[in-house]
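The values are calculated or read from the model by the stated rules, or taken from the named source; none is laboratory data. Note that the structure is a prediction, hence the values are computed from the model and not measured. Please note: Cβ atoms are built from the backbone with ideal geometry, for glycine as well, and neighbour counts cover all protein chains shown. Note: accessible area is taken over every heavy atom of the protein model, side chains too, but ligands, DNA and RNA are not part of it. Shrake-Rupley method; radii C 1.70, N 1.55, O 1.52, S 1.80 Å.
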Amino acid sequence: MITSLLIANRGEIACRIIRTARALGVRTVAVYSDADANALHVRQADEAVHIGPSPARESYLVGEKIIAAAQATGAEAIHPGYGFLSENADFAQAVIDAGLVWIGPRPDSIRAMGLKDAAKARMIAARVPVTPGYLGEDQSPERLRAEADAIGYPVLIKAVAGGGGKGMRRVDASAEFDDALASCKREAASSFGDDRVLLEKYILSPRHIEVQVFGDAHGNVVHLFERDCSLQRRHQKVIEEAPAPGMDEATREAICAAAVRAAKAVDYVGAGTIEFIADASEGLRADRIWFMEMNTRLQVEHPVTEEITGQDLVEWQLQVASGEMLPKRQEELEISGHAMEARLYAEDPSAGFLPSIGPLTEFDLNDGMVRADTGVEEGGEVSPFYDPMIAKLIAHAATREDAIERLSHALLGSSVWPVKTNGAFLLKALADPDFASGNLDTGLIARKGEALMPSRLPAEDTLRGAAWRLVEASAPARAPNLPGFRLNAPPHLATVLDVDGVRVVVDFRERAENWYMELHDDRTRLNEGGQTFSIGFARFDGAAGATAGDGAILAPMPGRVTAVEVTAGDAVAKGQRLLTLEAMKMEHGLVAPFDGVVAELDAVAGSQVSEGTLLVRVERQE
């Protein structure tokens, strides 16, 4: 067994790998950027090495620095986690060439599955069903349009080297094809340096089903059953589960056998995932499930597979990389119960899922009934430089219904502040009747729209309770803020509360039940429906903060201005994009709040800005 290991990653997955390594007696080395100097994974590792500035392209994505850190600390092996360099064949080869053990598949296997067109050709040869489409060398618009016409609309144009939802366009009619193709090629060239595309039949009721596979260097390959990752928002997974709801044994046997053939076709060693798309319009059927792609690494959602099989996949990775055979034969693996994982992100659903950053004054995941994998802790900080996922909550129970109940209970009891999270959004998704019944596909969240969006304010009874708590804690000092207030509690009371910066008039003529809430200075903080609210008396001191309502566009978080699309004096329309801010691996467009004129412009493309910086001021057009 490997005795020392460098983890070429950060956050939750680094902590996850450290946990297994420690249990096996394997020494761990962490790497960290400036932003992660005090991160949880740095303190948990036996040793840590600084590898550069905060941006990933100057630290976690610099393979030479990571290999040098491994050599300097005497680490035998490098585990890439997921993301960053985990599927970079050149980095894998460089690790091997440096005399280190690579915890992952062979570089040739990564290359074989890295290009979608070549991968699909291999799958066809291995008798793995693939989605009807075109992946030929002729990339002329005329040939591609003709192939799309032959496949039948709707079709999906996909970048050959694509990923993460980029370089994809749905086309519903032949007349729309040329424009969509041109747009897709531009995005593919910009994102991946390769504008080649393939075509696939667009599935109208798609389910995203994936199979966990594992191979060793002795020619053995097994599967650890399937996961359903259909609940997605903008091609990003939200909640994953195993096994897939509605999957019968015959279909499971067919799809898992196809996944094993796919792994064997590329001589696969280590942990990998074969992703399939299913046409669920008539339920899950073996003849309507097709190969999409292979992820040549450990997946974010691997815990649900661990929970239903009782296996530690990181331990398997270390064993296989050490030259050992797989610890289990196929016939020794079985499904036990149901597991479900929710990705908790530092983002604000009520503000268009804008990432939320800053200190974690309060961070309690209430993980008594669930497994909580996280890379942050109370007193830490959410940085603007990396992915906003701060935790994964994983529930395992005898039935799917019980797993949903446990996961919901954990989300309800979790408290994160002042950073915003998508906890309330996750709870609404879990409670949705279609999701609860297993009637789901990848378009469910988009169809539900506002029905899944959490409220920006607590319920009326909660606000009334907060008002009573604040009044009784501070009266009579706050009496001037209370119209009709008397110490003997008259029948009519009203006050103005500040709820996370929003002013709300609260009428509390009746005493609220169960109104006890913890006070923090002169405010109360409470959890409701997966959200944490901070409530205090509104202050009327004559100050007027700059807001979009008065035309001031402020930076919602620290970030880099990547584009400025207006100049001072320009006339702008409501909703028109003014500039683009890049933060937490995403771009955020800031738009005009109303028709007007750009009266002030303080943003410069390429500049770094702090949260709250005035970028643009628009004067209303009379």
Output the qualifying pairs, or none if there are none: Cβ atoms under 9 angstrom, residues six or more apart or on different chains, first residue in the stretch 598-622 and on the phi > 0 side of the Ramachandran plot, second residue part of a loop (DSSP other than H, G, I, E, B).
G612/A546; G612/A555; G612/P556
Could you please find all residues in the stretch 234-255 being surrounded by 20 or more Cβ atoms within 10 Å (Cβ to Cβ) and not in a loop (DSSP other than H, G, I, E, B)?
V238, I239, E240, E241, A242, T251, R252, I255
Condition first: surrounded by 12 or more Cβ atoms within 10 Å (Cβ to Cβ), in a helix (DSSP H, G or I) and among the hydrophobic types (A, V, I, L, M, F, W, C). Now tell me which residues in the stretch 138-165 satisfy that.
L144, A146, A148, I151
Exactly one condition in (1) open to solvent by 10 Å² or more (accessible area, probe 1.4 Å); (2) of a type in the set (A, V, I, L, M); (3) in contact with a Ser or Thr (Cβ under 8 Å, 6 or more places away or on another chain); (4) closer than 28 Å to A8 by Cα is not met by V300; state its number.
(3)
Any idea how many residues of the stretch 106-148 are in contact with a helix residue (DSSP H, G or I) (Cβ under 8 Å, 6 or more places away or on another chain) and under 30 Å from H79 (Cα atoms)?
14
From the list Q93, Q71, exactly one residue is more than 30 Å from A265 (Cα to Cα), modelled with pLDDT of 95 or more and polar (S, T, N, Q). Which is it?
Q71
Give the residues of the stretch 438-463 that are of a type in the set (V, I, T) and modelled with pLDDT of 90 or more, sorted by residue number.
T442, I445
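Yes/no matrix, rows are residues, columns are (1) modelled with pLDDT under 95; (2) in contact with a Leu (Cβ under 9 Å, 6 or more places away or on another chain):
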{"site": "F84", "(1), (2)": "yes, yes"}
{"site": "A98", "(1), (2)": "no, no"}
{"site": "R106", "(1), (2)": "no, no"}
{"site": "K116", "(1), (2)": "yes, yes"}
{"site": "A121", "(1), (2)": "yes, yes"}
{"site": "T131", "(1), (2)": "yes, yes"}
{"site": "E147", "(1), (2)": "no, yes"}
{"site": "I151", "(1), (2)": "yes, yes"}
Any residue in the stretch 237-254 that is in contact (Cβ under 8 Å) with a residue 60 or more places away in the chain sitting within a Cβ distance under 6 Å of a residue that is among the aliphatic types (A, V, I, L, M) and open to solvent by 10 Å² or more (accessible area, probe 1.4 Å)? List the pairs, counting only those 6 or more apart or interchain.
P243/I335; G246/L284
So for the stretch 137-151 (the condition being in contact with a strand residue (DSSP E or B) (Cβ under 8 Å, 6 or more places away or on another chain) and in contact (Cβ under 8 Å) with a residue 60 or more places away in the chain), does at least one residue qualify?
no
Conditions first: (1) surrounded by fewer than 22 Cβ atoms within 10 Å (Cβ to Cβ); (2) not in a helix (DSSP H, G or I). D402 passes all but one, so which condition is the exception?
(2)
Name the single residue, out of those in the stretch 435-463 being surrounded by fewer than 13 Cβ atoms within 10 Å (Cβ to Cβ) and more than 22 Å from the chain's Cα centre (by Cα), that is nearest to E282 (Cα to Cα).
S437
Test G545 against the stated conditions and say whether it is exposed (fewer than 14 other Cβ atoms within 10 Å of the Cβ), in a loop (DSSP other than H, G, I, E, B) and modelled with pLDDT under 85.
yes
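Every residue, every condition in (1) within 24 Å of the chain's Cα centre (by Cα); (2) closer than 27 Å to A391 by Cβ; (3) without any contact (Cβ under 8 Å) to a residue 24 or more places away in the chain; (4) crowded, with 18+ Cβ neighbours inside 10 Å, yes or no:
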{"residue": "N9", "(1), (2), (3), (4)": "yes, yes, no, yes"}
{"residue": "E47", "(1), (2), (3), (4)": "no, yes, no, no"}
{"residue": "P80", "(1), (2), (3), (4)": "yes, yes, no, yes"}
{"residue": "F91", "(1), (2), (3), (4)": "no, no, no, yes"}
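To keep it simple, each residue is scored yes or no on (1) assigned to a helix (DSSP H, G or I); (2) not small (G, A, S).
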site	(1), (2)
G167	no, no
R170	no, yes
E176	yes, yes
L181	yes, yes
S190	yes, no
H208	no, yes
Residue set S383, S356, S350; condition polar (S, T, N, Q) and surrounded by fewer than 20 Cβ atoms within 10 Å (Cβ to Cβ); output residue S350
What are the residues in the stretch 417-475 that are among the small types (G, A, S), part of a helix (DSSP H, G or I) and out of contact with any helix residue (DSSP H, G or I) (no Cβ under 9 Å at 6 or more places or on another chain), if any?
A446, G449, G465, A466, A467, A473, S474
From the residues in the stretch 210-233 that are outside any strand (DSSP E or B) and in contact (Cβ under 8 Å) with a residue 24 or more places away in the chain, which one is farthest from the chain's Cα centre (by Cα)?
H218
Scanning the stretch 354-388 for residues that are of a type in the set (D, E, K, R), in contact with a helix residue (DSSP H, G or I) (Cβ under 7 Å, 6 or more places away or on another chain) and part of a loop (DSSP other than H, G, I, E, B) gives D367, E377
Pick from the stretch 263-275, criterion under 14 Å from K120 (Cα atoms) and touching a helix residue (DSSP H, G or I) at 6+ places or on another chain (Cβ under 6 Å), ranking: surrounded by the most Cβ atoms within 10 Å (Cβ to Cβ):
I274
Being acidic (D, E) and open to solvent by 20 Å² or more (accessible area, probe 1.4 Å) is the filter here; which residues of the stretch 405-434 pass it?
E405, D434
Within the stretch 558-597, restricting attention to residues that are acidic (D, E) and more than 25 Å from the chain's Cα centre (by Cα), which residue is most open to solvent (accessible area, probe 1.4 Å)?
E565
Residue satisfying condition, being in a loop (DSSP other than H, G, I, E, B) and aliphatic (A, V, I, L, M), within set L326, L393, L344:
L326
